[in-house]
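This report refers to the structure that appears directly beneath it.
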Amino acid sequence: MKIRQSVFLGSLLCLAGAMPLADAASEAETKPLPLAQAIARARELAARELPEHLRAIDARKTAGDFDANDFFKAYRRLRMDDGYTLDYVYRYEFAGGEPVLFARKKDEKAPETHAEFLAWALLRRLNDEKAHAQYAGMAEKAAKAESEIDRHAALEALRSAAAQAAPAAGDPEEEWIEHVRCDGTPEGWQELGALYVTAKQFYLFWHAAYNDRMLIASREALEQAIERIGEGAAPFPPESAGKARALNCDATVETKDGKTTVSFLTFTNWGGFQRLTLTFASEFPHKLLDSEIEPLVEYDCGILF
C-alpha cells in the first residue's frame with residue numbers, strides 16, 4: 001500500500017513540476033522577439049523548397065504547403081484582424097513563380113488559382129451583376145487558356161479591369177496588409193514593415209528570385225551579409241565592405257500627421273545596401289501609402305535570370 005501511495009505521489013509531483021515548464025514553453029512561443037531575431041525567424045520559416053505541384057499553370061496549393069499565418073510565429077506583435085486569415089495563391093508564369101498574398105474571412109471560400117484570385121478581388125469591389133458575369137467569364141478564360149501567352153493576356157485584362165473598377169482601392173495584391181493589426185508600439189510598427197517585406201519571399205522561382213531584399217537590424221546580421229556577398233557572384237570590393245560596416249543598422253519609426261514611417265537598412269544582390277522606407281496609415285487599416293529606396297553602398301552580383 002505504501003509503495004502504491006509513493007508511486008501515486010511521485011506521479012503527482014512530476015505533473016506539478018511539468019506544468020510550469022509547459023507554461024514557460026507556451027510563454028516563450030508568444031513572447032515578442034527582438035527585431036533581428038524576428039526577421040531571422042521569418043526568413044527561416046520562408047526557406048522552403050518549391051513543391052513540384054506548384055510548378056504549373058493554375059497551380060493549386062495543398063494542405064501540406066506553407067501556411068502564411070506561420071509568419072506570426074516570428075512577428076508576435078502582429079495579428080490578423082478579427083475573423084480573418086492570411087492566405088495565398090501561387091502565380092506561376094513563363095518568367096517565374098511567386099506567392100500572391102490575400103486576406104479573407106475564415107469562413108469564406110478561398111480562391112485556389114491566381115486567375116480565381118484576380119476575379120475574386122475584382123468582384124469584391126463591384127455590385128453590378130452584369131459586371132460579375134463578365135469578369136467571372138474573364139477568369140474562366142484565363143484558367144482555360146491553352147498557352148501561357150494567352151493566359152498572361154487574360155490575367156492582364158483582369159488586372160486592368162480591377163484598376164479601372166476601383167482605382168482608389170489600389171493594387172488588389174497589396175490589400176492583405178490592411179487586415180494586419182499591430183500593437184501600436186514602435187516595435188510593432190517595425191514588425192509590420194518587416195512582415196510586408198518578408199511575407200512575400202517564400203517559394204520564389206526563377207525571375208522572382210530578384211525579390212531577395214534582406215532586412216538588417218543588428219551588427220551581427222550586417223557582418224553576416226557582408227561576409228556572404230560574392231559567393232558564386234561578383235566580388236565585393238574591400239572599400240565597399242568598409243563603407244557597409246559603417247552603416248547604421250537601426251530600424252526607425254516616426255509617426256506624424258496620421259502617417260507612420262518605418263525605415264530599415266536592407267541588402268539586395270541587385271542593388272547592394274539600401275535604406276528602405278515604408279509609410280503606413282497610422283489608423284487601422286494600415287494601408288501602405290508610400291515606399292522609397294535610398295542607395296547607400298552599391299553592389300550588383302552580375303547574375304541575370
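The values are calculated or read from the model by the stated rules, or taken from the named source; none is laboratory data. None of these values were measured; they are calculated from a predicted model. Here the Cβ is made from the backbone with ideal geometry for all residues, glycine too, and neighbour counts use every protein chain on show.
Among the residues that make up the range 178-194, is at least one of them modelled with pLDDT of 90 or more, surrounded by fewer than 15 Cβ atoms within 10 Å (Cβ to Cβ) and small (Gly, Ala, Ser)?
yes
Give just the number: which of (1) buried (at least 19 other Cβ atoms within 10 Å of the Cβ); (2) part of a helix (DSSP H, G or I) does residue 200 not satisfy?
It fails just one condition, (2).
Between a residue in the range 235-258 that is farther than 19 Å from residue 274 by Cβ and any residue that is surrounded by 14 or more Cβ atoms within 10 Å (Cβ to Cβ) and at pLDDT 95 or above, which pairs come within a Cβ distance under 7 Å, given they are 6 or more apart or on different chains?
These pairs meet every condition: 255/282; 258/281; 258/282.
So how many residues does the range 79-94 have that are in contact (Cβ under 8 Å) with a residue 40 or more places away in the chain and not in a strand (DSSP E or B)?
2
Select from the range 62-79 the residues that are of a type outside the set (Phe, Trp, Tyr), surrounded by 14 or more Cβ atoms within 10 Å (Cβ to Cβ) and under 12 Å from the mean Cα position of the chain (by Cα) and write down the one among them that is nearest to residue 36 (Cα to Cα).
Taking the candidates together, the pick is 74.
Considering the range 278-298 alone, what residues qualify as being under 18 Å from residue 244 (Cα atoms) and either among the polar types (S, T, N, Q) or touching a helix residue (DSSP H, G or I) at 6+ places or on another chain (Cβ under 9 Å) (or both)?
Residues satisfying the conditions are 296, 297, 298.
Quick one: in the range 255-305, which of the residues that are more than 17 Å from residue 197 (Cα to Cα) and aromatic (Phe, Trp, Tyr) is surrounded by the most Cβ atoms within 10 Å (Cβ to Cβ)?
Restricting to residues being more than 17 Å from residue 197 (Cα to Cα) and aromatic (Phe, Trp, Tyr), the top hit is 299.
Residue check, residue 180 against (1) out of contact with any helix residue (DSSP H, G or I) (no Cβ under 8 Å at 6 or more places or on another chain); (2) closer than 30 Å to residue 119 by Cα, all met but one. Which one?
Of everything listed in (1) out of contact with any helix residue (DSSP H, G or I) (no Cβ under 8 Å at 6 or more places or on another chain); (2) closer than 30 Å to residue 119 by Cα, residue 180 misses just condition (1).
Within the set of pairs 6 or more residues apart or between chains, which connect a residue that is part of a loop (DSSP other than H, G, I, E, B) inside the range 133-157 to a residue that is among the aliphatic types (A, V, I, L, M) and buried (at least 16 other Cβ atoms within 10 Å of the Cβ) with Cβ atoms less than 6 Å apart?
Matching pairs, first to second residue: 145/154.
I want to confirm something. Restricting to the range 231-275 and keeping residues that are charged (D, E, K, R) and over 25 Å from residue 287 (Cβ atoms), which single residue is modelled with the lowest pLDDT?
231
Which one is modelled with the lowest pLDDT among residues in the range 80-96 that are surrounded by fewer than 21 Cβ atoms within 10 Å (Cβ to Cβ) and of a type in the set (Asp, Glu)?
Residue satisfying both the conditions and the ranking: 93.
Might you let me know whether the range 95-112 holds any residue that is assigned to a helix (DSSP H, G or I) and closer than 30 Å to residue 190 by Cα?
no
Listed residues 293, 303; which is under 14 Å from residue 213 (Cβ atoms) and not acidic (Asp, Glu)?
293
Would you say residue 76 is modelled with pLDDT of 95 or more and part of a loop (DSSP other than H, G, I, E, B)?
Yes.
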